[in-house]
1. Find the centroid of the Cα atoms in region 129-185 and in region 630-675, then give the distance between the two in whole Å.
2. Tell me which residues come under 5 Å, amide H to amide H, from G46 once H is placed; ignore anything under 5 positions away on its chain.
3. Put +1 on the Cβ of every Lys and Arg and -1 on every Asp and Glu Cβ in region 317-459; which of S416, Y338, G348 then has its Cα farthest towards the positive end of the dipole?
4. Could you please rank S702, S79, S13, placing first whichever residue has the fewest other Cβ atoms within 10 Å of its Cβ?
5. Amide H of F141: which non-local residues (sequence gap of 5 or more, or other chain) have their own amide H closer than 5 Å, using H built in the peptide plane?
6. Using 30 Å as the Cα-Cα cut-off, could you pick out the over-long pairs in K53/K105; K554/K678; K378/K554?
7. Would you tally the net charge around L664, using a Cβ to Cβ cut-off of less than 10 Å, leaving L664 out, and scoring K and R as +1, D and E as -1?
8. What does the net charge come to around L473 if you take all other residues with beta carbon closer than 15 Å to its beta carbon, with K and R at +1 and D and E at -1?
Amino acid sequence: MGGDAAKYWAFISYSHRDTRAAVALQRALETYQLPRRLIGTRTAAGEIPAFLKPVFRDRDEMEAGADLKATVREALQQSRYLIVLCSPAAARSPWVNREIIEFKKLHGEQHVLACIAAGEPFASHEPGREAEECFPQALRFALTPEGLPQGEPLEPIAADLRPQGDGKRRAMLKLVAGMVGVGVDELVHRDAQRRARRMAVLATASLAGMAVMAVLTVMAVQSRIEAQSQRAQAEDLIEFMLGDLRRKLDAVGRLDVLDSVGAKALAYYAKQEAERLDADALGRRARAMHLIGEMGEQRGHLVEALAAFQSAADTTAQLLARAPYDGKRIFDHAQSVYWVGYIAWKRGQAQAAEEAFRQYLDLTQQLVLIDPDNADWKAEVAFARNNLGTLLLGTSRPVDALREYAAAGERLSELSTKRPELAFELAHTYGWIAKAREALGNYDAAIAAQQTKIDLFRRMPDAEKNKQVQRGLQNGAVELALLELARGNLTAAHQYAQDAVKRADVLVAADPENRFWQAQLHVADCVLGESEAVLGNRGEARQHVQRALDGAAKLIAIDASIANVQIKLKGCALKLEAQLALAEKRDGPTAEIEAYLVSVEDFITQGKVLDYEQGVIVAHAELMLGDLLAADQRRETAAKHWRAAAERAQQYAAQGNLLARTLLAHARLRLGSVEQAKELAMRIESTGFRHPAYADLVRQLSNGAGPSIAQRTARRY
């Protein structure tokens, strides 16, 4: 039968075990509207219509050995294309095999399209994996003149519905492209453009429109069919925005565009009866919660973010309980567990974060046991090790952290040869390796690892346009500035700090509502302010320190539970302000540091744990408060804070942190324990640590500094 006279655009042949996938595919094909610019044009396949419908899907399956029914033969004869939904069940189905043979007899080999739902193509060629074969025999071999599938071996090119393949959307577009005779890339590109244009409409009106359509479903059969079509398109749009569009916006640093999408998607699902939602719909609901959580995290609203991630975790745990050996369900739950742990870590809840990160690692290892060849799941194990390493490093276990980072780096390095996009994660891993090396006092190795990270970022495609790459380069500049400060290379530190601030300014200008980028800008302000101060540029130093103080105040007003803002950023800015005030013999932020230390105690009282960087900064703030009080002739109170500084620094100094050891020596010196300070200085001398704080310590010791150190105003670091 000629293509123009055919009744059906396609006949879907499938095993009844794949009914759900067949129904979804039929719905996707029949509801997909071809791009307007293509409608009416002619290709080798004929004139392109607006819709590819109807699509025939047989609802019955024959007994083994039975002949095809007349209705099926008629449908095969009146179909332009045969779409074979391939799976191990389909490969074993005599019904599917007969339908392929019959269609080939009627229309030849060229109009048969394969679509993989499960299993592996040509697994029957590999001993021991025969049961995984997804292509039926009639698909793998041409027909003989007698009509038997025993002719020349074929290698059909298939669309792949699986997440590790094309995914549902792209697989459907491949089938459409094959049927209408256009390039799949052109169709995918135009489809993405059209979906992006629909985003604003969806965010404002489409979900409300669907709610109205849901009411109208009770009025007539035709209305019900239309509502189902609208629902399918809406869910496709939601899936697109939570998936492909989200990744594209993430690359340009504009997730704020999706601010309302997560809420709209949730409003849509809230109108559905939860018990009637299938697993895929529940999965989309969980991803919407992830999006809301990420928006909250970027805006600094950690309490709201945690609520969203916990809700997603409850949903993904429910789905996993239904199918405990389903890799997709394990993967989805792993993402929820990660986010819950990440928010706990940002709020200083180290124990809860470690429990979540270890569970995340366990889940990713389960994925690899299910499919050892799945590159995505191997990479997920590396991500989990990186997260656990970060927690171990933050809780002063650098050796254990380095072991996790090394394992992650080895895995990502191996995978990135075939998956170049993983170079992004590999770059971050080198950054964390650098932090672990720094914590162990190996500054040369730390700098080398940071340089490797930066080189990886710079070699990435469109590096100048990708905001996440720019964020990586900005972080690398901050870390190199700190490392050069630690080595005493002040000019190099100043140059890196200037670069870090410039890059952070650009990022914040691109997305002023991104609180994470704001925090990174003000951390860079602190580093540049410190380098300006040690170079004698106090005016410039004051400007950056004041901007950091103002920025910290704004971020804390949004959410005071963020440890890196409340403890690290604010503490760093306050201790620098105190140093400048002492050097300039003016009033310092005495009351502000006192209030800061009270907030630190409140933070710890809530059961939260300071990481080693935060702990050292608090010790430094205690030391500077003592100096401010001593300068104000309040020596007894000053000594109290010097003792507190020594007590705080002691635990980190014992773990090998050289800045903490230097602060401990300063505190001992102020308290009159000159010999103890000298002993600590000698131990530091044998290392490569030449931070300005250490240089100041050596200068004071060489000048015979004793108990009256705070009464003299030596140059502050």
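Taken together, the values in this text are just the output of simple stated rules run on the coordinates, not laboratory data. All figures in this text were calculated on a predicted structure; none of them were measured in a lab. Glycine also receives a Cβ, built like all others from the backbone with ideal geometry; neighbour counts cover every protein chain displayed.
1. Here the two parts' Cα centres lie 72 Å apart.
2. Correct list: empty.
3. Farthest towards the positive pole: G348.
4. Numbers: S702 9, S79 25, S13 31.
So the ranking, lowest neighbour count to highest, is S702, S79, S13.
5. The answer is L154.
6. Numbers: K53/K105 23 Å; K554/K678 42 Å; K378/K554 40 Å.
Among K53/K105; K554/K678; K378/K554, the Cα-Cα distance tops 30 Å for K554/K678; K378/K554.
7. Numbers: positive: R648, R661, R668; negative: E647.
Charge balance in the 10 Å sphere: +2.
8. Details: positive: K453, R458, R459, K465, K467, R471, K502, R503; negative: D455, D462, E464, E479, D499, D505.
Within the 15 Å Cβ shell, the charges total +2.
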